[in-house]
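Worksheet for the structure shown next.
The values are calculated or read from the model by the stated rules, or taken from the named source; none is laboratory data. All values reported here derive from a predicted model rather than from experimental measurement. As a convention, Cβ positions derive from the backbone with ideal geometry for all residues, glycine included, and neighbour counts pool all protein chains shown.
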Amino acid sequence: MKAFVTSLDNLPLLVKIILALPCLDVVWSIYRIVAALDSKNMVGLIIAVILLFIPITWVFDIFMVVLRGGVWKYTA
C-alpha cells in the first residue's frame with residue numbers, strides 16, 4: 001500500500017490535476033483510503049470513505065493539487 005501512496009505522490013503536477021477531474025477523481029478517493037489504512041488512521045479512514053460519496057470533492061482536490069501539489073488527506 002505504501003508503494004501506491006508513494007507512486008501517486010511522485011506524479012507530475014499535470015497528471016495529478018488530470019486525475020482530479022470529475023470522473024477520474026475516484027483515484028484520489030482510493031488514495032485517501034489507502035493512505036489512511038497504511039498509517040492505521042481510523043479517523044482518516046472514516047473521513048476518506050465519507051468523501052468518496054461526496055460528488056463535488058473533485059473541485060476541492062483540484063484546488064489542493066494546484067496550491068499544495070497533492071490532495072488533502074487527514075493526518076493525526
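Out of the range 20-62, which residues are among the aromatic types (Phe, Trp, Tyr) and under 12 Å from the mean Cα position of the chain (by Cα)? Correct list: 28, 31, 58, 60. Restricting attention to the range 2-54 and to residues that are among the charged types (D, E, K, R) and part of a helix (DSSP H, G or I), the residue that is nearest to residue 66 (Cα to Cα) turns out to be 16.
Taking the criterion of being without any contact (Cβ under 8 Å) to a residue 24 or more places away in the chain and closer than 19 Å to residue 12 by Cα, the residues of the range 25-58 that qualify are 27, 30. Of all residues in the range 30-57, those satisfying the criterion of being more than 18 Å from residue 6 (Cβ to Cβ) and surrounded by fewer than 20 Cβ atoms within 10 Å (Cβ to Cβ) are 42, 43, 45, 46, 47, 49, 50, 52, 53, 54, 55, 56. The single condition from (1) at pLDDT 95 or above; (2) touching a helix residue (DSSP H, G or I) at 6+ places or on another chain (Cβ under 9 Å); (3) hydrophobic (A, V, I, L, M, F, W, C) that residue 52 fails is (1).
The set of residues from the range 1-21 being loosely packed, with under 13 Cβ neighbours inside 10 Å and not aliphatic (A, V, I, L, M) comprises 2, 6, 7, 10, 12.
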